1. If I ask for residues that are in a loop (DSSP other than H, G, I, E, B) and free of Cβ contacts under 8 Å to residues at least 60 places away in the same chain, which ones from region 104-143 would you list?
2. Got at least one residue in region 77-96 being open to solvent by 20 Å² or more (accessible area, probe 1.4 Å), over 25 Å from residue 35 (Cα atoms), free of Cβ contacts under 8 Å to residues at least 40 places away in the same chain and touching a Ser or Thr at 6+ places or on another chain (Cβ under 6 Å)?
3. Criterion first (modelled with pLDDT of 95 or more, of a type in the set (Asp, Glu) and open to solvent by 60 Å² or more (accessible area, probe 1.4 Å)) does residue 116 satisfy it?
4. For residues that are small (Gly, Ala, Ser) and either under 10 Å from residue 150 (Cβ atoms) or at pLDDT below 90 (or both), tally how many sit in region 47-70.
5. Determine whether residue 74 is open to solvent by less than 100 Å² (accessible area, probe 1.4 Å) and either touching a Lys or Arg at 6+ places or on another chain (Cβ under 6 Å) or at pLDDT 95 or above (or both).
6. Could you run through region 33-71 and say how many residues are without any contact (Cβ under 8 Å) to a residue 60 or more places away in the chain, open to solvent by 60 Å² or more (accessible area, probe 1.4 Å) and either in contact with a Lys or Arg (Cβ under 7 Å, 6 or more places away or on another chain) or part of a loop (DSSP other than H, G, I, E, B) (or both)?
Amino acid sequence: MKNYVLGTILKLIVFAIVLNSCNLTSKKETANLDEAKKAIQESNAIYFDSFKNNNPSIFIDCYADDASILLPNAPQIYGKEDVAKFFRKAYDEYGLRGGKFITTAVYGDGVEYVTEEGLWQSLNSKGELMDDGKFLVLWKKTPKGWKMFRDSFSSNREAK
């Protein structure tokens, strides 16, 4: 009988430890999602500053080293060198000088990756709306913080 009672107590202790561990994990993941949301908000707040100031380093720093941009009606681009070329083309050829992101949702557990869904607007040098659309960005937690890993967007305008 004594062994039965000790065994039951031991099982209850193990169960309590496992249950407590699960609760701590849930809280940690929620905290990490909050951290990711904050980093996304901060990155989005400065993203278009790179175009206002013709400073591609701000733009490029928002992306992970192994980032990829899935462009509409164009081949996918890979890595920071191609991201820099993309910035230059948007600035020089299309006249992009500003814009804004409106995050509508962030999905994931916030541990390694999260997905951001939202709307975007791009502006010319006069502050006029050039285009608008929607986006999905897969964010990756890197040693340098949360960075865009996969960036996909499309216009709301009808294709010509």
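The values are calculated or read from the model by the stated rules, or taken from the named source; none is laboratory data. Every value quoted in this text rests on a predicted model; they were computed, and no experiment measured them. FYI the Cβ positions are ideal-geometry reconstructions off the backbone, even for glycines, and counts take in every protein chain you see. Surface areas here come from the heavy atoms of the whole protein model, side chains and all, with no ligands, DNA or RNA. Shrake-Rupley method; radii C 1.70, N 1.55, O 1.52, S 1.80 Å.
1. 112, 124, 125, 126, 127, 128, 143
2. Looking through region 77-96, at least one residue is open to solvent by 20 Å² or more (accessible area, probe 1.4 Å), over 25 Å from residue 35 (Cα atoms), free of Cβ contacts under 8 Å to residues at least 40 places away in the same chain and touching a Ser or Thr at 6+ places or on another chain (Cβ under 6 Å).
3. Numbers: modelled with pLDDT of 95 or more: yes; of a type in the set (Asp, Glu): yes; open to solvent by 60 Å² or more (accessible area, probe 1.4 Å): no.
Considered against the rule, which asks whether it is modelled with pLDDT of 95 or more, of a type in the set (Asp, Glu) and open to solvent by 60 Å² or more (accessible area, probe 1.4 Å), residue 116 comes out as no.
4. 3
5. When the stated conditions are applied, residue 74 does not pass them.
6. Number satisfying all stated conditions: 3.
This table checks each residue for (1) modelled with pLDDT of 95 or more; (2) more than 18 Å from residue 69 (Cα to Cα); (3) of a type in the set (Lys, Arg); (4) open to solvent by 80 Å² or more (accessible area, probe 1.4 Å).
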site: 102; (1), (2), (3), (4): yes, yes, no, no
site: 111; (1), (2), (3), (4): no, yes, no, no
site: 123; (1), (2), (3), (4): yes, yes, no, no
site: 128; (1), (2), (3), (4): yes, yes, no, yes
site: 133; (1), (2), (3), (4): yes, no, no, no
site: 136; (1), (2), (3), (4): yes, no, no, yes
site: 139; (1), (2), (3), (4): yes, no, no, no
site: 151; (1), (2), (3), (4): yes, no, no, no
site: 158; (1), (2), (3), (4): no, yes, no, yes
